[in-house]
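What follows is a set of notes on a single structure, which appears directly below.
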């Protein structure tokens, strides 16, 4: 397929451009973090030099390079009463199999290493997500994949309170319209599986690669409308709606699909899907065991050289938005169900973007990242006694993203337009 070829080309070039994540953030990483990330990068560069790399035209499959162990040191261990698990099934599975600390609190370097080892996430994307989590959900060096960590697990300076982890990061790192988790203001939590939603996902018509993007993108459109219909405080934010929300869907196929010689891009069947989402049983009798997500047996990650990078993600994001323009409609319900209203993108961005241009090229991703960067100073004031250090760290992360995107210059944002959306509190 032409789209697959384009995506593989982007991924191939991106891995060669971003071999050293610590160099992307030289001004914001501590010396200890740089050493840890340099070690990860050196290991990966060595693999690329010594082993066969996927061609730009299509991923290869090399079982010995792509196999992900779920035995021995990585055997499944259920979370204990003090271990943290949250809304991301992939991160929960990584903790349950000791690819990140079993307690559910990991450092930036541990997240980068773990997401690469288990899923083949590109270092550029892994590093950005890890830094963003450490700044907005953690203590600048680490963060929780669930709720608030204990004080003994915190290391940083200037915190105004206990970091809330990813489960407490609504409108910053977590968003409405999850595939299987609830909208926060509809159910009162954002991390417990809604079995009706999982059953609906499981029942979708399969694509040529199982639960691939031809299945997941229409399902996202369905869930988007369900939020409008059922959540009076639904909000589709510039960062969380435009960027985070699509990741919740594309990551399912791009990371959870099982790679093989027959399906080098991956095939995601029902058994693998259920394993990653901690679901047992059959349609109509599904059961969810909270926090027991597992890496399936005989499971293989993305090919070496076919890592899922920021440019790769950008292509998926744009393709979905072209098919369903409502995904780029920033706005929300105004306090009642079915009251969705959008904001004026031109006014929001001072004329830099408009509805017509947002779906062109890199614009949607540029807009999302730029808005989050503009909103960061105000958001950080409620988290740290001084925003100097966290702002330097997050700005370093944004700078690394912008270095590979050709973005128009966004000078300021008019967030006053969000005042009519009661679900926009703390929006990024």
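The values are calculated or read from the model by the stated rules, or taken from the named source; none is laboratory data. From a predicted model like this one, the values you see are computed outputs, not experimental measurements. As a convention, Cβ positions derive from the backbone with ideal geometry for all residues, glycine included, and neighbour counts pool all protein chains shown.
Would segment 329-336 turn up any residue that is crowded, with 22+ Cβ neighbours inside 10 Å, closer than 22 Å to residue 180 by Cβ, out of contact with any strand residue (DSSP E or B) (no Cβ under 7 Å at 6 or more places or on another chain) and in contact (Cβ under 8 Å) with a residue 40 or more places away in the chain?
Yes, segment 329-336 has at least one match.
Looking at residue 167, is it closer than 30 Å to residue 389 by Cβ and modelled with pLDDT of 95 or more?
Here the answer is yes, as residue 167 does meet what is asked.
If you take the residues in segment 381-414 that are buried (at least 17 other Cβ atoms within 10 Å of the Cβ) and modelled with pLDDT under 90, which one is nearest to residue 108 (Cα to Cα)?
400
Which condition does residue 28 not pass, out of (1) at pLDDT below 95; (2) in a helix (DSSP H, G or I); (3) more than 27 Å from residue 317 (Cα to Cα); (4) within 24 Å of the chain's Cα centre (by Cα), if it passes all the others?
It fails just one condition, (2).
Specify the residue that is farthest from the chain's Cα centre (by Cα); the eligible residues are those in segment 57-78 that are part of a loop (DSSP other than H, G, I, E, B) and within 21 Å of residue 278 (Cβ to Cβ).
Ranking the qualifying residues of segment 57-78, first place goes to 71.
Of everything in segment 328-343 that's in contact with a helix residue (DSSP H, G or I) (Cβ under 7 Å, 6 or more places away or on another chain) and in a loop (DSSP other than H, G, I, E, B), which residue is nearest to residue 366 (Cα to Cα)?
330
Has segment 87-105 got any residue that is at pLDDT 85 or above, in a helix (DSSP H, G or I) and under 24 Å from residue 318 (Cβ atoms)?
Yes - at least one qualifying residue is present in segment 87-105.
Among what's in segment 149-183 and is in contact (Cβ under 8 Å) with a residue 24 or more places away in the chain and part of a helix (DSSP H, G or I), pick the residue that is farthest from residue 133 (Cα to Cα).
153
Residues that are in contact with a strand residue (DSSP E or B) (Cβ under 9 Å, 6 or more places away or on another chain) and crowded, with 18+ Cβ neighbours inside 10 Å: does segment 70-80 have at least one?
No - not one qualifying residue is present in segment 70-80.
Quick one: which of 233, 173 is modelled with pLDDT under 95 and touching a helix residue (DSSP H, G or I) at 6+ places or on another chain (Cβ under 6 Å)? I'd like the intermediate steps shown before the answer.
Details: 233 fails: modelled with pLDDT under 95.
Just one listed residue meets the conditions, 173.
For segment 206-213, check the following and say yes or no: at least one residue is touching a helix residue (DSSP H, G or I) at 6+ places or on another chain (Cβ under 8 Å), surrounded by fewer than 17 Cβ atoms within 10 Å (Cβ to Cβ) and outside any helix (DSSP H, G or I).
yes
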